[in-house]
Protein chains: 2
Amino acid sequence: MNSAPLGIFDSGVGGLTVVRAVQELLPAENILYLGDTARLPYGSKSPETIRQFADEDVRFLISKGVKAVVVACNTATAHALPSLLEKYQIPILGVIEPGVEAALASPNVQRIGIIATRGTIGSHAYQHALALRKTGLIIHGQATPLLVPLIEENWLDHPATRQILKTYLDPLVEKGIDTLMLACTHYPLLIPVLREILPQDVRLVDSATTCAEHLKRELTRLDLLDTSAREGSLELHLTDLSEEFEALARQFLKKSPGRIQRAILGG
Amino acid sequence: MNSAPLGIFDSGVGGLTVVRAVQELLPAENILYLGDTARLPYGSKSPETIRQFADEDVRFLISKGVKAVVVACNTATAHALPSLLEKYQIPILGVIEPGVEAALASPNVQRIGIIATRGTIGSHAYQHALALRKTGLIIHGQATPLLVPLIEENWLDHPATRQILKTYLDPLVEKGIDTLMLACTHYPLLIPVLREILPQDVRLVDSATTCAEHLKRELTRLDLLDTSAREGSLELHLTDLSEEFEALARQFLKKSPGRIQRAILGG
């Protein structure tokens, strides 16, 4: 039993989809969330810069006394998780392992499409993790860098969004994928339009839910679960505050984010 | 006569459209360019954060010994130029005044549309500068936040780009604009498709060329021109290096950017 907060970070507010899943599965946990909105996006930047930013994010959370860290950002997990695990003693979990587990949970999976930022696709972290666990998979990674801007504009149902999605997805559909991994915390908001565009038998896998389950197992194993009966708190820190980020936070969290604090990273 | 370099900065590589115009008009000038690619974009972030970033950018350029600074970023000009002018002794020029001059150069201008980032539109800097210079203008600002991501993807002629442009521009066309200001350094790359979409009599104004002319006048007035006969150098510094940024730099500059250095800002 440990009632110190969980630290969860992302380049922006997309990681709040993970927060929502954690709150549902582990309602007693106190959560301290950091969104690096001043420097977002991470997905188009270089591995070195992403590692530096992720390191500063983790240091901020550790300075606030968290008991474990969830990297709720696919790009940061892809490029920075190994170096973070090497550097820090505290438990640090990413979103890739849980996503890969979820994708492979169905025994019939054979052809997997992955959509993500350019950074995540370019890291080959998903491709590698999948290939390690199951031989003979056919894996197609597709960088989809316009999706985050479209989602942040809330153009979830705009004809241009459909057209852009078709441009990105048609090559994957032609290759006969049976599973599509939504490897970016923003993408779950596109699930309704994805269901319309994709053939019915393509399975969609997003990592927020499985990440929460993975976290529960890990916290249990390490005896770090908060087992109290009261509802946990949520503290939101963003490196840049604006009305747009607040509105987006509400959308990802599906409720009011409460008071948001401005985080100053140590640099 | 002063052969110290000119400092030019932008949130990314879009400001190289200004560099190109300066090189054409003032070929002897040495130029030191800073692109804050690690923290781009600025256009969606808050005024406070943009002011802090612009301040760090100017301090970097001053530490390199520049004789004057051009803020080749509309969002940074819109939110940070007044505070920069107050704080620093060195001449600092923005892109808004030159753009406004160019827009008002035609005596018949009456209805002006402005497309720009959310930050630039929200600052009302263009609207204010136009209204100060000419009474009776009808001004329509339109935030167009998806254009920079589309240009950075090089989807200059994709059907989705046309659809998004029509969504943004149809309301301006319906209001009968005679002039459209492209108030972001990325947008000149869209001129061919804009010419197809807009009515023929809508005049397009971009600020890169007029910014260079404005700079020439100011350097002459302050006796800071480099009047030597040799061709000036260009030194590129980016806070994040990647192949994508190099490719984009080549596109904006219309030639090889040479060796790019990684800039570490003082913070």
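So the values come out like this:
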{"item": "Hits in region B:217-246 - residues which are of a type outside the set (Asp, Glu), in a loop (DSSP other than H, G, I, E, B) and more than 14 Å from chain A (Cβ to nearest Cβ)", "result": "B:Leu222, B:Leu224, B:Leu225, B:Thr227, B:Ser228, B:Ala229, B:Arg230, B:Gly232, B:Ser233"}
{"item": "Inter-residue pairs, beta-carbon under 8 Å, first among the charged types (D, E, K, R) and in region A:122-135, second in a loop (DSSP other than H, G, I, E, B) and surrounded by 14 or more Cβ atoms within 10 Å (Cβ to Cβ), 6+ apart", "result": "A:Lys134/A:Val109"}
{"item": "Residue within region A:200-210 that is over 14 Å from the mean Cα position of the chain (by Cα) and within 27 Å of A:Thr37 (Cα to Cα) present", "result": "no"}
{"item": "Pair list, Cβ under 6 Å, 6 or more apart: region A:175-192 residue in the same structural domain as A:Thr117 (by TED's automatic domain parsing), other residue assigned to a helix (DSSP H, G or I) and polar (S, T, N, Q)", "result": "A:Ala183/A:Asn74; A:Ala183/A:Thr120; A:Cys184/A:Asn74; A:Thr185/A:Thr17; A:Pro188/A:Thr17"}
{"item": "Subset of region A:203-240 [touching a residue at least 60 places away in the same chain (Cβ under 8 Å), surrounded by 15 or more Cβ atoms within 10 Å (Cβ to Cβ) and of a type in the set (A, V, I, L, M, F, W, C)]", "result": "A:Val205, A:Ala208, A:Cys211, A:Ala212, A:Leu215, A:Leu219, A:Leu224, A:Leu225, A:Leu234, A:Leu236, A:Leu238"}
{"item": "Residue selected from region A:167-182 under the condition within 23 Å of the chain's Cα centre (by Cα) and not hydroxyl-bearing (Ser, Thr, Tyr), by the criterion surrounded by the fewest Cβ atoms within 10 Å (Cβ to Cβ)", "result": "A:Asp178"}
{"item": "Where a residue in region A:32-46 is surrounded by 24 or more Cβ atoms within 10 Å (Cβ to Cβ) and its partner, wherever it lies, is hydrophobic (A, V, I, L, M, F, W, C) and in a strand (DSSP E or B), with Cβ under 6 Å and at least six apart", "result": "A:Tyr33/A:Ile8; A:Tyr33/A:Leu236; A:Leu34/A:Phe9; A:Gly35/A:Leu238; A:Thr37/A:Leu238"}
{"item": "Region B:86-125, residues that are among the basic types (Lys, Arg) and assigned by TED's automatic domain parsing to the domain that holds B:Pro199", "result": "B:Arg111, B:Arg118"}
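The values are calculated or read from the model by the stated rules, or taken from the named source; none is laboratory data. Not measured: the values here are computed from a predicted model. Cβ coordinates were reconstructed from backbone atoms using ideal geometry, including for glycine residues, and neighbour counts include every protein chain displayed.
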